[in-house]
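Beneath this line is the structure, given in structure tokens, with notes to follow.
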Amino acid sequence: MGKSENSDLAFACSCGSVQGHIKPDGIKSGTHAECFCTDCRAAQLYFDQPDPSPGPVEILQTSPEAIEFHQGAENLAVMQLSPKGMYRWYATCCNTPVANTFKTPKFPFVGVIVDRIAEPSALGPVISRGSVPQPDGTQKHENIGAAIYRLFKRAAKSRLTGAWKNTPFFNVETGEPVATPAVISKSERDALYP
């Protein structure tokens, strides 16, 4: 039996020390997406996760205020693949990637790694696919317009209501992340890319 649309959806790191849930509105307004980009793959490899290639990394894109940690938030850390890269949040207890955010709370976005979600079937079908490899070596986005529309709709609602301030990833007074970002070295980064 599927989850009710009024139910929270649990997520956790691999060892279970970091646990939380996604609120119903965050699931309903979220975008179930797949990403084939080299950065998403590189991040999985950095955290010693199974290589998703040639498949994607599945992500639930939603608003940070929809995310609540109820155990182990002190184990959250954040890395960047480059100085300008996204914040990639992970659990230090077991080196598990948990979510991605932009570098500021003022653009409210979080991409929760679907592998961390207890019942991914509750997310419904994949709506959008990014950087899909093509036979000629190029990449193509599929239904990206829907993902962008939903992203800006969520962000606008979050900003207008002030809900963006309820983020577990940032101190909104200072704009700083709750953990100090670590940017990996160029040599580490080069080793992650084909």
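Considering only residues of the range 183-194 that are in a loop (DSSP other than H, G, I, E, B) and open to solvent by 40 Å² or more (accessible area, probe 1.4 Å), which is nearest to MET79 (Cα to Cα)?
Across the range 183-194, the extreme among qualifying residues is SER185.
Among the residues of the range 56-67, are any without any contact (Cβ under 8 Å) to a residue 40 or more places away in the chain and either open to solvent by less than 30 Å² (accessible area, probe 1.4 Å) or at negative phi (or both)?
If we filter the range 56-67 for residues that are without any contact (Cβ under 8 Å) to a residue 40 or more places away in the chain, which is where we start, we get none.
No, every residue in the range 56-67 fails to be without any contact (Cβ under 8 Å) to a residue 40 or more places away in the chain and either open to solvent by less than 30 Å² (accessible area, probe 1.4 Å) or at negative phi (or both).
Can you say whether GLY16 is more than 14 Å from the chain's Cα centre (by Cα) and at positive phi, as far as the supplied structure shows?
Taking the combined requirement at face value, the residue satisfies it.
Among the residues that make up the range 141-153, is at least one of them closer than 22 Å to TYR90 by Cβ and in a strand (DSSP E or B)? Spell out how you get there, then give the answer.
If we filter the range 141-153 for residues that are closer than 22 Å to TYR90 by Cβ, which is where we start, we get none.
No, the range 141-153 contains no residue that is closer than 22 Å to TYR90 by Cβ and in a strand (DSSP E or B).
Among VAL98, VAL126, VAL78, VAL114, which is the only one that is among the β-branched types (Val, Ile, Thr) and open to solvent by 20 Å² or more (accessible area, probe 1.4 Å)?
Answer to the check: VAL126.
Find the residue count for the range 29-51, including only residues that are more than 18 Å from GLY137 (Cα to Cα) and open to solvent by 30 Å² or more (accessible area, probe 1.4 Å).
8
Only residues in the range 173-190 that are free of Cβ contacts under 8 Å to residues at least 60 places away in the same chain count as the first member; pair them with residues that are small (Gly, Ala, Ser) and in a strand (DSSP E or B), Cβ under 8 angstrom, at least 6 apart or cross-chain, and list the lot.
none
Before we move on, is ARG88 assigned to a strand (DSSP E or B) and under 26 Å from SER185 (Cβ atoms)?
Judged against the criteria, ARG88 is a match.
Select from the range 18-28 the residues that are touching a helix residue (DSSP H, G or I) at 6+ places or on another chain (Cβ under 7 Å) and open to solvent by 40 Å² or more (accessible area, probe 1.4 Å) and write down the one among them that is nearest to ASP48 (Cα to Cα).
By that ranking, first place goes to LYS23.
Can you find, within the range 129-140, the residue that is least open to solvent (accessible area, probe 1.4 Å) among those that are part of a strand (DSSP E or B) and of a type in the set (D, E, K, R)? Working first, answer last.
Within the range 129-140, the subset part of a strand (DSSP E or B) is 129-133, 139-140.
In the following step, the residues that additionally are of a type in the set (D, E, K, R) were identified as 129, 140.
On the way: ARG129: 72, LYS140: 105 Å².
My answer is ARG129.
Condition first: in a loop (DSSP other than H, G, I, E, B), open to solvent by 30 Å² or more (accessible area, probe 1.4 Å), farther than 16 Å from GLY111 by Cα and not β-branched (Val, Ile, Thr). Now tell me which residues in the range 167-182 satisfy that.
GLU173, PRO181
The values are calculated or read from the model by the stated rules, or taken from the named source; none is laboratory data. Just so it is clear, the structure is predicted and the values come from calculations on it, not from any experiment. Cβ sites come from the backbone with ideal geometry, for glycine too, and all protein chains shown count toward neighbours. Surface areas here come from the heavy atoms of the whole protein model, side chains and all, with no ligands, DNA or RNA. Shrake-Rupley method; radii C 1.70, N 1.55, O 1.52, S 1.80 Å.
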